[in-house]
Amino acid sequence: MSKETNIKFYFRIVLPSVLAIILFVVSIFIFILPAFEKSMLRGKNEMINQLTNTAWSVLDEYRHKVNDGLISVEEAQRESASIIELMRYGQQHKDYFWIIDTLPSMIMHPYRPELNGKDLREYKDPEGTFLFREAVAKVKTQGEGFIRYIWQWKDDSTRMVPKLSYVKSYPEWGWVIGTGIYLDDVADEIKVLRNKLLRLSLIIMLIITIALFYIMRQSLFIERERKNAEENLKLSRHKYKSLVEASTEGTLMMLGGKIIFANLRLANMLGSTVEEIMKLKFEDLFGIPWGEVLKEFSDPNKSVAIETPVKFESAIQKEVILSVSRVEYDSEEGYIVIAKDISRQKRIEKGTEDLNRELQMSLLLMNQPIKPFIRDIVICDSSTTLMEAAGIMTRKSCESIFVRVNDSVIGSVTDGDLRARALAKNLQGEKPVSEIMTSPVVAIQDDALLFEALLLFKNEGVSHLLVQNHNGENVGMLNYKEVLDIQYNSVDFTIKEIIASEDVASLVKINSRTPAFVNALLESGEKTDNITRVITSVSDALCYRLIELTIEKLGPPPCGFAFISLGSEGRKEQTLSTDQDNAIILEDLEGVKLENAQVYFKKFANDVNNNLNRIGFRFCPGEIMARNPKWTQPLEVWKGYFTNWITNSDPQSILDSSIFFDLRCLYGDFTLFDSLKNHVLEKASNQSVFFQHMALPITKFRSRLSMFGSIVSDHESGESKEVDIKKIQLPIIGFARIYALKNKLKESNTLQRLKRLQSLNIINDELYREITVSYSVLMQLRLRSQANAIMNNQAPGNMVDINSLTAVELATLKKVLSVLSELQVQLNFDFKGTS
């Protein structure tokens, strides 16, 4: 386009459009928004005016009762004040009314009862305003009106905010009734409105900009077409270079496997320059080889979208989506690659998800019954001496002892009582405990909830509660510190506790709370994927901290290593009944260095495995643990193991080693793990016999549905018919594992593997939904059974009694079992063999 054409284009189209946009935005923020603000505040004023009149009418109603001789003035005042004290409004039902007299003194305030009956003439807000004097003055001169001051936010005494109240006189009793709105709330509503208008403005601006961009692009395209006849090759190069440079996203062009163009946006994203990018290979920038990108083009007329991390060192923590399109360039195939940074979006999504999960879990835990947290009660007679009581508490390892007379508990003595009331006052040890006990004892019913116990602790100012059943019998006690621990029992808090722990005993105590997490999440209907992630997060943190403590004890390791988890932990699918499956990859060493490393890691592995067992992760019956020397080996030995399993093994050997194909690095040098993982994926991808052997146990899996449609149990005892849910899950886990290895997927989690397989069109959408729902149903049955067992002081397992299931659950389980046959059909079709 010529210079003159450009000028006309800008003056006729671009400039008027820009001015219109500016005028639109200015009118919104100068005229429309202030009008909205005034209207909103006016509406709020009218609302509290009407609400005050409603409360005022309650007073008037009771005055008429006095006039009719039904009740006395005192009774009318007391009853009407009580009714108004309970009146609430607002979205959170926390907005309220208050009443003063014309002295002024407080008649009633629902959130500040300590002010009731007090003289308020000298009461000031934080800015020095005598707000109650102003209220009286306002009603004396006008009968009613508005006042402004600073007050606590609803029932939160720690937060002071501006408030606008409407006050009205009730002269017959000399009272003033009032209520108000928080100006911060109004400001927040205005802010929301402003943000909506801003978003609307941006959308309109974006639409106009896109239209302008389209018009300009079309004009440039027509002009390029005219010149194309004159300079075909030169213009072709210029066209693609301009396209790359003009792109609003990071863009480059590939030709013959080399980068020929890149734009400034991409350079800024990678923290580099266009000139430096042009000298590099595609593999130097992104975490996927260019050859792998080309393999994704099954249809040359369609673009390909690939999610990958950035490999370039100055942007190593970023993730991008690459949109790759094939184009013709001087009779060759060229490719336009657009990189969109999704790192920030992912961080926001993850942060939101984590926050929601933490808040939900904290609320759920406090709604659990107190029964699992009841401890045995320790009792002594009132004549027991202080020295004897201290001895009993020491032997029983408890912090409190309850005191009885005959069969009645009359008091309690804590460690703090012994220090403050006996030792500090030099009381003789022969004195009876009744002289220092706290009395009377505060009791709670055994079917109460945790939040009720916490409120009782705080209201009564005690550290221990006596627990009684409905017959009044003493069944145990509650400790305030333990209940407080439960209040803070979110995953984030728990992991912080783990990180701060200095000994194994602390880790044992922390892990004992995991069933409460799981039980709360199950009762809330939380997705099983989230529940297993909670369990895995806690177990990973426990294992990581154990390794740190072990290294502190033994000293720094003599070489690089990677501590890896296998099986369910490797898949991030741990339940409450999990044994250990782990191993260690050492860096490649020889001679004396290898011998020294083996001596160190023998002690290291023994300590870690023993302490994991102490925490609650049982020893593996098959000794697939790091303490077994066979599973603590250099990287090359591990590669040899997998090569042998993949290329030479029979079906039974594959079945025995399948646990090793679900591996994940927990601690150490991740490059060792990545090297082994890449080796496994490369070796396995084209080994058809290996996949036939791996598919065989699934295709041979015996259906649990009889020919009459009933479920065949694994074990029967009396009226109990039990099935092993873990065994039913194995075909789904194996199915996902086989196709993940076949397609070189690095994911180890079953649901993540299935999601990737669906995105690659290896399994269709309907089968994906059926498999994932089936897997989640089975995991929920398994977790619920284990959580119930633990809460009832029983050992958790994987067996579920069919007779304990509801009709809906039984029908769902039958549907799940029918889905397994579909997996067998697909495996038989894809991996046919004679084995």
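The values are calculated or read from the model by the stated rules, or taken from the named source; none is laboratory data. Keep in mind the model is a prediction, meaning the values are calculated, not measured. Neighbour counts run over all protein chains shown; Cβ positions are idealised from the backbone, glycine included. Protein only, heavy atoms only, side chains kept; ligands, DNA and RNA dropped before computing areas. Shrake-Rupley method; radii C 1.70, N 1.55, O 1.52, S 1.80 Å.
Per-structure values
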| quantity | calculated |
| --- | --- |
| Residue that is modelled with the lowest pLDDT [pool: residues in the range 482-531 that are outside any loop (DSSP other than H, G, I, E, B) and among the small types (G, A, S)] | S524 |
| Where a residue in the range 418-432 is free of Cβ contacts under 8 Å to residues at least 24 places away in the same chain and its partner, wherever it lies, is hydrophobic (A, V, I, L, M, F, W, C) and not in a helix (DSSP H, G or I), with Cβ under 6 Å and at least six apart | R421/I436 |
| Residue under evaluation S105, criteria (1) out of contact with any helix residue (DSSP H, G or I) (no Cβ under 6 Å at 6 or more places or on another chain); (2) over 27 Å from K196 (Cβ atoms); (3) open to solvent by 30 Å² or more (accessible area, probe 1.4 Å), criterion not met | (3) |
| Flag for K602 being touching a strand residue (DSSP E or B) at 6+ places or on another chain (Cβ under 8 Å), in a helix (DSSP H, G or I), surrounded by fewer than 15 Cβ atoms within 10 Å (Cβ to Cβ) and not aromatic (F, W, Y) | yes |
| Residue in the range 607-618 that is outside any strand (DSSP E or B), touching a Pro at 6+ places or on another chain (Cβ under 9 Å) and modelled with pLDDT under 90 present | no |
| Residue in the range 71-90 that is modelled with pLDDT under 90 and part of a strand (DSSP E or B) present | yes |
| Where S713 falls short, out of the listed (1) within 19 Å of L778 (Cα to Cα); (2) open to solvent by 40 Å² or more (accessible area, probe 1.4 Å); (3) among the hydroxyl-bearing types (S, T, Y) | (2) |
| Failed item in (1) closer than 27 Å to S657 by Cβ; (2) buried (at least 22 other Cβ atoms within 10 Å of the Cβ), with G797 passing the rest | (2) |
| Any chance L202 is of a type in the set (A, V, I, L, M) and open to solvent by 70 Å² or more (accessible area, probe 1.4 Å) | yes |
| Where a residue in the range 44-66 is charged (D, E, K, R) and its partner, wherever it lies, is in a helix (DSSP H, G or I), with Cβ under 8 Å and at least six apart | K44/V186; E61/S80; R63/A76; K65/A76 |
| Residues located in the range 619-641, provided they are of a type outside the set (D, E, K, R), loosely packed, with under 13 Cβ neighbours inside 10 Å and assigned to a loop (DSSP other than H, G, I, E, B) | P621, G622 |
| The range 647-677, subset among the small types (G, A, S) and over 17 Å from P557 (Cβ atoms), residue surrounded by the most Cβ atoms within 10 Å (Cβ to Cβ) | S658 |
| Only listed residue being modelled with pLDDT of 85 or more, open to solvent by less than 40 Å² (accessible area, probe 1.4 Å) and within 30 Å of N648 (Cα to Cα), chosen from L813, L823, L767 | L823 |
| Answer from S748, S759 - the residue that is touching a Gly at 6+ places or on another chain (Cβ under 7 Å) and either surrounded by fewer than 20 Cβ atoms within 10 Å (Cβ to Cβ) or not acidic (D, E) (or both) | S748 |
| Qualifying residue in the range 660-676 (condition: among the charged types (D, E, K, R), closer than 22 Å to E573 by Cβ and without any contact (Cβ under 8 Å) to a residue 12 or more places away in the chain) | yes |
| Residue within the range 745-754 that is under 28 Å from S710 (Cβ atoms), in a helix (DSSP H, G or I), of a type in the set (D, E, K, R) and at pLDDT 85 or above present | no |
| Conditions (1) assigned to a loop (DSSP other than H, G, I, E, B); (2) in contact with a Ser or Thr (Cβ under 9 Å, 6 or more places away or on another chain); number of the one not met by Y123 | (2) |
| Near pairs, Cβ below 9 angstrom, 6+ apart or cross-chain, from the range 245-273 (within 19 Å of E319 (Cα to Cα)) to any residue that is of a type in the set (G, A, S) and part of a loop (DSSP other than H, G, I, E, B) | N263/S247; R265/S247; L266/S247; L266/S272 |
| Sole residue being in a strand (DSSP E or B) and touching a residue at least 12 places away in the same chain (Cβ under 8 Å), chosen from E722, E770 | E722 |
| So R42, is it over 42 Å from the mean Cα position of the chain (by Cα) and open to solvent by 60 Å² or more (accessible area, probe 1.4 Å) | no |
| Check on V475, at pLDDT 90 or above, outside any helix (DSSP H, G or I) and open to solvent by 30 Å² or more (accessible area, probe 1.4 Å) | yes |
| Residue within the range 262-280 that is at pLDDT below 80, open to solvent by 80 Å² or more (accessible area, probe 1.4 Å) and in a helix (DSSP H, G or I) present | no |
| Considering residues of the range 135-150 that are of a type outside the set (G, A, S) and assigned to a strand (DSSP E or B) only, the residue most open to solvent (accessible area, probe 1.4 Å) | R148 |
| Residue check for T812: more than 26 Å from the chain's Cα centre (by Cα), assigned to a helix (DSSP H, G or I) and polar (S, T, N, Q) | yes |
| Subset of the range 438-451 that is in contact (Cβ under 8 Å) with a residue 40 or more places away in the chain and not in a strand (DSSP E or B) - its residue that is farthest from I374 (Cα to Cα) | F451 |
| Flag if I585 is closer than 23 Å to L507 by Cβ, of a type in the set (A, V, I, L, M) and open to solvent by less than 40 Å² (accessible area, probe 1.4 Å) | no |
| Exclusive hit being surrounded by 14 or more Cβ atoms within 10 Å (Cβ to Cβ) and not acidic (D, E), set N644, N609 | N609 |
| All positions within the range 276-316 that are under 18 Å from S247 (Cβ atoms) and over 34 Å from the mean Cα position of the chain (by Cα) | I277, M278, F282, S303 |
| K168 open to solvent by 30 Å² or more (accessible area, probe 1.4 Å), at pLDDT 85 or above and basic (K, R) | yes |
| Near pairs, Cβ below 8 angstrom, 6+ apart or cross-chain, from the range 135-160 (farther than 17 Å from G174 by Cβ) to any residue that is part of a strand (DSSP E or B) and among the charged types (D, E, K, R) | R148/K163; Y149/K163; I150/K163; W151/K163; Q152/R159; W153/R159; K154/D95 |
